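To keep things clear, I will list the structure first and then write my remarks on it.
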Amino acid sequence: MNVSEEAFKRAGKIRLVLFDVDGVLTDGNIYLDDTGTEVKAFNTHDGHGIRLLLHYGFEVGVITGRTSKSLEHRMQDLGVKHVYQGCKDKFLAFQELLSRLELDEQQAAYVGDDIFDLQIMTRCGLAVAVANAHAYVKQHAHCETVNTGGRGAAREVCELVLDAQDLMGQVLTHNLR
């Protein structure tokens, strides 16, 4: 990921990393089986990045406008406790979580891909657009991933935060499986 000095400095203050889901943790496609049940595909590298953040004491969460059992199962598997689904107002969920965790906006990173994410992205400490994000979202982000949503973008963000806080050396020398 090509990160400016300012974005790297912002990443050094992050305690909470939040992700949109469709188009960020997934490729943005919606898969429906014959019964109409929604199925999502998640990237294992992204999942490992999230586990690394959790291991090193960061808070991790998702805020999404849709509701999906697939997401619920994946977040439970990863150990992510902050799951906000069916959010008509993502910013309200963002504010509630910050209050509950006693964090300020500058301590939160948000990874998004569409205009519905901008209300959080324009207020958080580190706003990241995935490579396949809407052009307007990219204009308002502090940095942009090389990989697209659902294809390693979340992992890039996890590693950026870990690197900015001098934790990547530990990550590279320890087996966390």
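Before moving on, here are some points about what is shown:
- Residue pairs meeting the criteria (Cβ under 9 Å; at least 6 apart or on separate chains; first farther than 18 Å from His82 by Cα and at pLDDT 95 or above, in the stretch 1-27; second assigned to a loop (DSSP other than H, G, I, E, B) and of a type in the set (S, T, N, Q)): Ala11/Gln165; Gly12/Gln165; Lys13/Gln165; Gly23/Asn132; Gly23/Thr148; Asp27/Asn43; Asp27/Asn132; Asp27/Thr148
- Every residue from the stretch 128-177 that is touching a strand residue (DSSP E or B) at 6+ places or on another chain (Cβ under 7 Å) and either over 22 Å from Lys40 (Cβ atoms) or at pLDDT below 95 (or both): Lys138, His140, Ala141, His142, Cys143, Glu144, Val161
- Some residue of the stretch 59-70 being in contact with a helix residue (DSSP H, G or I) (Cβ under 9 Å, 6 or more places away or on another chain), over 19 Å from Val157 (Cα atoms) and not small (Gly, Ala, Ser): no
- Restricting attention to the stretch 63-84, the residues that are free of Cβ contacts under 8 Å to residues at least 24 places away in the same chain and within 20 Å of Gly36 (Cα to Cα) total 3.
- All conditions but one from (1) closer than 13 Å to Leu18 by Cα; (2) of a type in the set (A, V, I, L, M, F, W, C); (3) part of a helix (DSSP H, G or I) apply to Leu160; the one that does not is (1).
- The condition of being small (Gly, Ala, Ser), free of Cβ contacts under 8 Å to residues at least 60 places away in the same chain and either out of contact with any helix residue (DSSP H, G or I) (no Cβ under 9 Å at 6 or more places or on another chain) or within 27 Å of Lys40 (Cα to Cα) (or both) holds for only one of Ala109, Ala93, that being Ala93.
The values are calculated or read from the model by the stated rules, or taken from the named source; none is laboratory data. Not measured: the values here are computed from a predicted model. For neighbour counting, all protein chains shown are included, and Cβ atoms are generated from backbone atoms with ideal geometry for every residue, glycine included.
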